[in-house]
Amino acid sequence: MPLMTWNDKLSVGVRILDDDHKHLVDMVNKLFDGMRAGHAKAVLGPILDELVEYTKVHFAHEEDFFAKTQYPGASTHKAEHDKLTQQVHDIQARYKAGALGILSLEVMEFLKTWLVNHIQVEDKHYTHHLNTHGIH
Ligand code: FE2
Ligand code: FE2
């Protein structure tokens, strides 16, 4: 069983951004599977790095659309992205420094909530705006 599954309720109505979100869900699941299989830091570290990097790529995709369409909620949304980036960087740094010990279920639950809450709360706010600017 994966930790989380993407479903239509998570759709933000823009295909490329839904694809990004699906990719992020896949990466969180990959980390979860690796954790459950008892994989070492040598294996899990790079997956976590990939998640951090793709998070930045994805946030940049959204912020580009905000800039192109002069989205009124852009600065609030960007502040949220900065906070989320900081949180995932903290996990990455603590994991690498050995401060987290093993990657726990608690950390995985945190990442799941971190992703789902942002999509369902902040991201869904831009759907109408982007759609009315011809971005689907
Ligand atoms: Fe997003
Ligand atoms: Fe976002």
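Details
- Value of relative contact order over the stretch 20-132, rounded to a whole percent, pairs C-alpha under 8 Å and six or more apart: 31
- Membrane-span-like helices in the chain (whole DSSP H runs, Cα extent of at least 30 Å along the helix axis, mean Kyte-Doolittle hydropathy of at least 1.6): none found.
- Additional length obtainable on full extension of the chain from ASN7 to ASN117, 0.36 nm per residue less Cα span: 38.2 nm
- Heavy-atom accessible surface of the chain, averaged per residue, reaches 53 Å², computed with a 1.4 Å probe.
- If R0 is taken as 35 Å, the Cβ-Cβ distance between ALA37 and LYS78 corresponds to a FRET efficiency of 0.45.
- The stretch 20-132, accessible surface, carbon-and-sulfur percent (1.4 angstrom probe): 56
- Listed residue pairs exceeding 18 Å between alpha carbons, taken from LYS22/LYS56; LYS22/LYS112; LYS83/LYS112; LYS9/LYS68: LYS9/LYS68
- Under a Gaussian network description of the chain, with springs only between Cα atoms under 10 Å, the residue in GLY101, GLY34, GLY13 that fluctuates furthest is GLY101.
The values are calculated or read from the model by the stated rules, or taken from the named source; none is laboratory data. Here the structure is a predicted model, which is why all the values come from computation and not from measurement. We place every Cβ from the backbone using ideal geometry, glycine too, and count neighbours over all the protein chains shown. Calculation scope for accessible area: heavy atoms of the full protein, side chains included, ligands and nucleic acids excluded. Shrake-Rupley method; radii C 1.70, N 1.55, O 1.52, S 1.80 Å.
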